[in-house]
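Since every read-out is calculated from the coordinates, none of them should be taken as a lab result. Being a predicted model, the structure only gives us computed values, none of them experimental. All Cβ positions, even for glycine, are placed from backbone atoms using ideal geometry, and neighbour counts span all protein chains on display.
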Amino acid sequence: MTKILVVAEHHDGKLNAATAKTVSAAAAISGASIDVLVLAADPAAVAAQAAQLAGVAKVLTVANAANAQALAQVLAPQIAQLARGYTHVFGPSTTFGKDLMPCVAALLGVNQVSDLMSVEGSHSFKRPIYAGNAIITVDVPADQIVVATVRAASWPEAAQGGSAPVEAASVDAALPTHTRFIGLAAGATDRPDLQSAKRVVSGGRGVGSEENFKVIFQLADKLGAAVGASRAAVDAGYVPSDLQVGQTGKIIAPELYVAVGISGAIQHLTGIKDAGTIVAINKDPDSPIFEIADIGLVGDLFTLLPELEAAL
Ligand code: FAD
């Protein structure tokens, strides 16, 4: 029987949307029984949210002060121990999952399947390679536990409406002492999270400076959107690197993506392949971004954005 353990990602007592997408990927394996694992100092609130996801059979919790921060080296031995009763262990392909799941795979002595975008069978999956320009099918030996990260942009969130039981799991895995939490340096923002936002406004090199980027933030605020950027804008120091969208940045799938002063290099487009409506604002009518945009506005962004904002 296929038994899948989905590792929950959460922050400040809230379940990340990427977990609900990972549950959808697990549910694509026919006949699978899906449990969600919540590791935290106090997992109750997150477990209650996970229990509401449709298709979840059971929520397992591990309450431990050591789990207050998501340190891969601390979480992995606990997950590896609990994984023994499962055929699959899935985590989201977010920064959290990309850090954690290779450690889990190593402890279980298997290779990780990365960026799972579709399910062909219980041990056969499709994933993108070469910046999304090619798709390969990866087959895992049938007698091997499958440890995989799930490409969040390829899956919808599992619906609400479940009422899975919550159970405390007992774990006695030895936790490492070589990795300790010292502090978290994260930019505080009230804006939606770039990776899960339904709307994103991104600026590129065409924005010209850190100071000018305020026009991007203003439009984003008007739309209730997260802010992203091209690598050129990040490299030029206009915005921090955690806003970068693309092959070496975040892969996102918002319903609306507005690209402002971005040319549309393949490495940028890789990050927005699964976006819904793409709007491009660029002064060069021959810019490649217009080849993939649903709506294109040719003109100077410093003229068009205030007009757009006023119209909104
Ligand atoms: P440009 O290509 O310089 O385009 C700027 C655009 O702004 C132009 O189209 C111009 O017409 C327009 N413009 C200028 N002024 C105005 C104005 N006033 N009004 C309107 N439009 C204006 N890039 C990413 O974005 N993400 C990645 O993850 C990424 N990973 C990479 C990985 C590798 C291995 C490599 C080699 C490259 C990667 N890149 C990535 C870089 C990528 O190749 C491009 O260099 C980059 O995306 C270009 O950014 P840009 O579109 O902002 O800049």
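Expressed as cubic angstrom per residue, what is the convex hull volume of the alpha carbon set of the chain? Intermediate results must be reported in sequence, preceding the final value.
Numbers: hull volume 43.3 nm³, N = 312.
Spelled out: Cα convex hull of the chain, divided by residues, is 139 Å³.
Pairwise over distinct Cα atoms, reciprocal of the mean inverse distance: report the Kirkwood radius of the stretch 69-223 in Å, one decimal place. Walk me through the intermediate numbers first.
Values: mean 1/r = 0.0531 Å⁻¹.
Its Kirkwood hydrodynamic radius stands at 18.8 Å.
On a 0 to 90° scale, report how tilted helix 214-223 is relative to the longest principal axis of the chain, with both axes built from alpha carbons and the result rounded to the nearest 10.
With both axes taken from Cα atoms, the answer is about 60 degrees.
Give the aspartates and glutamates reachable from residue 58 as a straight Cα distance under 19 Å; neighbours fewer than 8 places away on the same chain don't count.
Within the straight-line limit of under 19 Å, residue 58 reaches these aspartates and glutamates: 9, 35, 42, 157, 167.
Over the chain, with a Gaussian network built from C-alpha contacts below 10 Å, which listed residue (290, 181, 90) shows the highest mean-square fluctuation?
Sorting by GNM fluctuation, first place goes to 181.
In the Gaussian network model of the chain, springs joining C-alpha atoms below 10 Å, which of 270, 94, 137 carries the largest mean-square fluctuation?
137
So what is the 222 nm mean residue ellipticity for the chain from helices alone, if each DSSP H run of at least 4 adds -39500 (n - 2.57) and you divide by all residues, rounding to the nearest 500 deg cm²/dmol?
On the way: 9 runs with 78 residues, N = 312.
So the helix-based figure for the chain works out to -7000 deg cm²/dmol.
With axes computed from alpha carbons, what is the tilt in degrees of helix 17-27 against the longest principal axis of the chain, rounded to the nearest 10 within 0 to 90?
It works out to around 60 degrees.
Rounded to a whole number, what is D in µm²/s for the stretch 239-312 from Stokes-Einstein with the Kirkwood radius over alpha-carbon pairs (25 °C, 0.890 mPa s)? Write out the running numbers ahead of the final one.
Values: Rh = 12.7 Å.
Translational diffusion coefficient: 193 µm²/s.
Listed here are the pairs 3/198; 214/283; 126/198; which of them are more than 21 Å apart at the Cα?
On the way: 3/198 31 Å; 214/283 19 Å; 126/198 25 Å.
The answer is 3/198; 126/198.
Quick one: compute a quarter of the convex hull surface over the Cα atoms of the stretch 13-73 and quote it in nm². Intermediate values should be presented prior to the final figure.
Details: hull surface 17.0 nm².
Spelled out: convex hull of the Cα atoms, projected over all directions, averaged, 4.3 nm².
Each label point is 7 Å from the Cα along the Cα-to-Cβ direction; what then is the distance between the points at residue 266 and residue 209, in nm?
It works out to 3.5 nm between the two label points.
Need the full-extension length gain, residue 134 to residue 173, defined as separation in residues times 0.36 nm minus the C-alpha distance. One decimal, nm. Don't jump to the answer; show the numbers that get you there.
Numbers: separation 39, 0.36 × 39 = 14.04 nm, distance 3.97 nm.
Once the chain is fully extended between residue 134 and residue 173, it gains 10.1 nm.
Any idea which of 153, 142, 113 is furthest toward the positive side of the dipole for the stretch 44-177, if Lys and Arg beta-carbons carry +1 and Asp and Glu beta-carbons -1?
It is 153, whose Cα lies furthest towards the positive end.
For the chain, modelled as a Gaussian network with Cα springs under 10 Å, which listed residue fluctuates most, 165, 102, 176?
176
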